[in-house]
Amino acid sequence: MVLAAVVDALAVRGCRFVVVGSGARQLLGEQVTPADLDVVVGAEEGDRYRLVEALIDLGAVVHDSGGDRVIDHSTRLPWEWGWSVSTCHGSVDVIVRFIDDTTIRDHDQLATDVRLASGTVVRCHATRWSG
């Protein structure tokens, strides 16, 4: 998983997001190897547009009940909760709202800024799975 490449693509498009889970823990300096990147995203219309543009730039393929589809401008995404995509840099779980009803607003309040080698500043909230 190449976290920085995906995060940079989201940042270039001006996406509003917070990295959570093991990806956030790695970016914050913990010795962990994430299997994928988990991002909580904004769901306003502008947020959606910028995210779709970034996913198109990444050549992302969405995995849902309709099968695997390359994301383009006509792709309908499940904005209520979230979905998984694959990119050439690894898998990304895009989360709009968690089961506990938390959203980007909640996670951003708890997040810490991390500056990547590229200069991109990323918001990270080092959540842990409790199940």
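Would you please list the contacts, defined by Cβ atoms under 6 Å and residues six or more apart or on different chains, that run from a residue in region 70-91 that is closer than 21 Å to E44 by Cβ to a residue that is at pLDDT below 90 and small (G, A, S)? From residues that are closer than 21 Å to E44 by Cβ, the pairs are W79/A43.
Restricting attention to region 76-94, and to residues there that are of a type in the set (V, I, T) and touching a Ser or Thr at 6+ places or on another chain (Cβ under 9 Å), which single residue is nearest to A4 (Cα to Cα)?
V92
Any chance you could count how many residues in region 79-96 are hydrophobic (A, V, I, L, M, F, W, C), part of a loop (DSSP other than H, G, I, E, B) and surrounded by 17 or more Cβ atoms within 10 Å (Cβ to Cβ)?
Residues in region 79-96 being hydrophobic (A, V, I, L, M, F, W, C), part of a loop (DSSP other than H, G, I, E, B) and surrounded by 17 or more Cβ atoms within 10 Å (Cβ to Cβ): 1 in total.
Check whether at least one residue in region 97-110 is among the basic types (K, R), in a loop (DSSP other than H, G, I, E, B) and at pLDDT 90 or above, and report yes or no.
Checked region 97-110: at least one residue is among the basic types (K, R), in a loop (DSSP other than H, G, I, E, B) and at pLDDT 90 or above.
Scanning region 56-67 finds no residues that are part of a strand (DSSP E or B) and under 20 Å from A126 (Cβ atoms).
The requirement of being in a loop (DSSP other than H, G, I, E, B) and buried (at least 16 other Cβ atoms within 10 Å of the Cβ) is fulfilled nowhere in region 114-124; no residue meets it.
Taken together, V94, V114 contain a single residue that is under 14 Å from the mean Cα position of the chain (by Cα) and either of a type in the set (D, E) or closer than 19 Å to A11 by Cβ (or both), which is V94.
Yes/no per residue for (1) under 15 Å from C124 (Cβ atoms); (2) among the β-branched types (V, I, T); (3) assigned to a helix (DSSP H, G or I):
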{"residue": "C15", "(1), (2), (3)": "yes, no, no"}
{"residue": "P34", "(1), (2), (3)": "yes, no, no"}
{"residue": "Y49", "(1), (2), (3)": "no, no, yes"}
{"residue": "V52", "(1), (2), (3)": "no, yes, yes"}
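Each residue in region 37-47 was checked for being buried (at least 20 other Cβ atoms within 10 Å of the Cβ) and in a loop (DSSP other than H, G, I, E, B), and 0 of them qualify. Screening A60, A111, A126 for residues that are of a type in the set (A, V, I, L, M, F, W, C) and farther than 24 Å from L28 by Cβ leaves exactly one candidate, A60.
The values are calculated or read from the model by the stated rules, or taken from the named source; none is laboratory data. Only a predicted model underlies this, so the values are computations on that prediction, with no experimental measurement involved. Here Cβ is always computed from backbone atoms with ideal geometry, including for glycine, and neighbour counts include all displayed protein chains.
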